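Working notes, structure below.
The values are calculated or read from the model by the stated rules, or taken from the named source; none is laboratory data. Here the structure is a predicted model, which means the values were calculated and not measured. Quick reminder, even Gly has a Cβ in these numbers, built from the backbone with ideal geometry, and neighbours come from all protein chains shown.
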């Protein structure tokens, strides 16, 4: 039987939880009109009294203990927005086991435990929705996992971390160095006090694991994703890239191989200015995918923030409410029905940008070119970019080559006594 | 009870129908894996024997009469891809009345009869899906109507017609005139022999009616959409716009007013180069929307073509199959739960680009400026763009002003004896 009411419990009253509370309170009439169901916020939980009271909810709707949500039979859907694996995992498991739908924005939890949690949801006849877990307000999970699911995706390229895109955009526009822009981003609230998860690419890797499950129809272990951050990107490299018509972006990349394996990697990339992703600036996110039927498709928007993330969470609640209105349940998203292997990084083929300082001496380029040649690396462009009294700066672009061969060549080049130092390596192919 | 099989009948074996057949045949294993249901193509129908045989299907799966689909109890979903209102409407009604789900790509049918057809679907406990009816492969219907449905949308800006975008892109890049680019587009198959529906904006108006229903939660009569096409856009105007940092695009525009009414209009617009829509080139489509929670969001991809459109249709079939796998039905999309009025075009406020030829005589600008002033139109820039022996070309940009006031001023200006002719009016605000 269709029920006219869907009770909601929100676990976590931080930024995102506060946004969900705000939307559910402000939009109750709209949600009823659109879904046919009264979506009723029954409880918001946080261990932090200050966060609870910041929601502005009456005390009767607030609780310190998540059991207040799990034990309420009138709560049909639990919104988990505390983040991290513990205690989120056990709370989500408890909610599913209690026959409650769960909507989560928790990328780490979904990336690490998505398959088990979805299996648990199926076992208990409920749904686990996670649209907000990747790219915030952009409805990319549903798009890849369902609307576009007729396609075999060839490539998936995502700017999925707003903090690093904000930093790289400012570095590009202002010629500033990473450390100073990071400090400013921290002041503005765009970067956390401990920026590791963002700037070292871990946040992007979790999101890629989730997006890749949707696009390539397979669960992947996020630990198999080769992950590099943006700490080593310098103003110098961004300036040179700009001269060559490139923008440096931290990309989350998935690429299907003909043998069924999939490349999954997160690292800075020189993106050509004319590529749609090059125009994705500031804290915006975008996912660009190429499907065998749909061709190129891109979804762009705010990947984080209180209200965009709450928009995605309430979108999932709308789906549950629409189903409840007619007595059915929402189809449970798969987290991939196949088991595909990740291509080892050494086998990945791409183009490279290499910057190094060398001694100003005849024969240097010949020595470098010889090592590249021995390793099968073919050079597409060389430029002497700047010179000091001690050294000359060389910028080298390669043709497409395997990562292992390139790294072997660079190791050999680094040992040449005419090479003062290898300053930067950035992959240059989308 | 969940059924393990979903029979599909395709009505229409033209370009899109042929694509749907191709996908269903090629992807049966993938669809079974992803949905848990065997999606079985049981019948493809066309009155044209050549189109039937072009599908490559065995004769047993082909029929001339759509009743072969409606009468087959094993067919659970009917794909309508014949286009136009007749006989599509009665076929869709017949399928819904027979308790079959319908998936349609028919923008005209959905724009004109969406509410009645959705009501009929509800009455018979089935679903009418129409993701492919607007913007082909881009999953914009689901995004606006469900994933992002928590939002109140402030604006919706769409490049929703690939033919006109292809033509305008070529005119922009090559400096060519409309007529010659149209002829080339017709040779390449990007424009039809009778290009009226595309170049005069009617196709875009149907799509805007559908998108606006999703975004603004109200059915609108497509006849209330002010619609202008691109026939009057000249190479000269595109070149001048380019100089000022604009790209000319045919936009489908929706904008919510504070009083609950909605602006709906299709016409060429000068789009600033830095706007995300300016980079949407060739036959690509994009929908840019601003929601009160999600902020700016854009969906980009192929809005037409055999396989992108088939991708969207099969995406709708996947939704139906996933629901059937668990014995439920898909929530029926609303076509707006409110009744909002369309703002009359005269009340719309925007900026304008005006190009006119005037006699090279003192006092001309004063005469023009006086009429603008009398009508409350304020000028932001004037440029004498070119001169011949007979006349001088004036380009005028206005500040934001109401359409009625601007048109009244232009009518007066056109009657001045120093004005040789009003050559172009293009709205210049997004």
Going by the structure shown, is residue A:286 over 21 Å from residue B:289 (Cα atoms) and at pLDDT 95 or above? no
Looking at region A:98-132, which of its residues are touching a helix residue (DSSP H, G or I) at 6+ places or on another chain (Cβ under 7 Å) and closer than 21 Å to residue A:68 by Cα? A:98, A:101, A:102, A:103, A:104, A:105, A:106, A:121, A:124, A:126, A:127, A:128
Matching residues in region A:322-351 - criterion: being in a helix (DSSP H, G or I) and modelled with pLDDT under 95: A:322, A:323, A:324, A:325
What is the number of the single condition among (1) within 28 Å of residue A:336 (Cα to Cα); (2) buried (at least 16 other Cβ atoms within 10 Å of the Cβ); (3) within 14 Å of another protein chain (Cβ to nearest Cβ) that residue B:18 does not meet? (1)
Taking the conditions exactly as written (within 17 Å of the chain's Cα centre (by Cα) and within 30 Å of residue A:282 (Cβ to Cβ)), does residue B:284 satisfy them or not? yes
Assess whether residue A:416 counts as being in contact (Cβ under 8 Å) with a residue 24 or more places away in the chain, over 19 Å from residue A:228 (Cβ atoms) and either outside the structural domain of residue A:362 (by TED's automatic domain parsing) or in contact with a helix residue (DSSP H, G or I) (Cβ under 6 Å, 6 or more places away or on another chain) (or both). yes
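Yes or no, residue by residue, for (1) touching a helix residue (DSSP H, G or I) at 6+ places or on another chain (Cβ under 8 Å); (2) in the same structural domain as residue B:205 (by TED's automatic domain parsing):
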| position | (1), (2) |
| --- | --- |
| B:266 | yes, yes |
| B:271 | yes, yes |
| B:276 | yes, yes |
| B:280 | yes, yes |
| B:285 | yes, yes |
| B:290 | no, yes |
| B:294 | yes, yes |
| B:312 | yes, no |
Run down B:264, B:299, B:251, B:270 and say which single residue is more than 30 Å from residue B:188 (Cβ to Cβ) and outside any helix (DSSP H, G or I). B:264
Tally, over region A:325-356, of residues that are crowded, with 24+ Cβ neighbours inside 10 Å, farther than 21 Å from residue A:110 by Cα and not assigned by TED's automatic domain parsing to the domain that holds residue A:404: 0
Kindly indicate the residue of region B:123-156 that is more than 13 Å from chain A (Cβ to nearest Cβ) and in a strand (DSSP E or B) and also nearest to residue B:234 (Cα to Cα) among those meeting that condition. B:156
Among the numbered criteria (1) outside any helix (DSSP H, G or I); (2) within 14 Å of chain A (Cβ to nearest Cβ); (3) surrounded by fewer than 24 Cβ atoms within 10 Å (Cβ to Cβ); (4) touching a helix residue (DSSP H, G or I) at 6+ places or on another chain (Cβ under 9 Å), which single criterion is violated by residue B:190? (2)
Contacts under 6 angstrom Cβ, first residue in region A:21-39 being more than 10 Å from every other protein chain (Cβ to nearest Cβ), partner surrounded by fewer than 21 Cβ atoms within 10 Å (Cβ to Cβ) and in a helix (DSSP H, G or I), 6 or more apart: A:37/A:325; A:38/A:32
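Matching residues to (1) out of contact with any strand residue (DSSP E or B) (no Cβ under 9 Å at 6 or more places or on another chain); (2) surrounded by fewer than 18 Cβ atoms within 10 Å (Cβ to Cβ); (3) modelled with pLDDT under 95; (4) not assigned by TED's automatic domain parsing to the domain that holds residue B:320:
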site	(1), (2), (3), (4)
B:86	yes, yes, no, no
B:92	no, no, no, no
B:98	no, yes, no, no
B:101	no, no, no, no
B:125	yes, yes, yes, no
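Filter region A:288-304 down to residues that are within 7 Å of chain B (Cβ to nearest Cβ) and either under 18 Å from the mean Cα position of the chain (by Cα) or in contact (Cβ under 8 Å) with a residue 60 or more places away in the chain (or both), then give me how many there are.
9
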Do we find that residue A:185 is at pLDDT below 95, touching a helix residue (DSSP H, G or I) at 6+ places or on another chain (Cβ under 9 Å), in a helix (DSSP H, G or I) and buried (at least 20 other Cβ atoms within 10 Å of the Cβ) in this structure? yes
For region A:16-75: of the residues being part of a loop (DSSP other than H, G, I, E, B) and within 27 Å of residue B:145 (Cβ to Cβ), which is nearest to the chain's Cα centre (by Cα)? A:27
A careful count of residues in region B:209-242 that are outside any helix (DSSP H, G or I) and free of Cβ contacts under 8 Å to residues at least 24 places away in the same chain gives 0
Filter region A:357-388 for residues that are in contact (Cβ under 8 Å) with a residue 60 or more places away in the chain and touching a helix residue (DSSP H, G or I) at 6+ places or on another chain (Cβ under 7 Å); the one that is surrounded by the most Cβ atoms within 10 Å (Cβ to Cβ) is A:358
Can you tell me which residue among A:290, A:261 is over 19 Å from residue A:204 (Cα atoms), touching a strand residue (DSSP E or B) at 6+ places or on another chain (Cβ under 6 Å) and surrounded by fewer than 24 Cβ atoms within 10 Å (Cβ to Cβ)? A:290
Does any residue of region A:305-326 turn out to be within 14 Å of another protein chain (Cβ to nearest Cβ) and more than 29 Å from residue A:101 (Cβ to Cβ)? no
Out of B:45, B:37, sole residue that is in contact with a helix residue (DSSP H, G or I) (Cβ under 9 Å, 6 or more places away or on another chain), under 23 Å from residue B:90 (Cβ atoms) and surrounded by 20 or more Cβ atoms within 10 Å (Cβ to Cβ): B:45
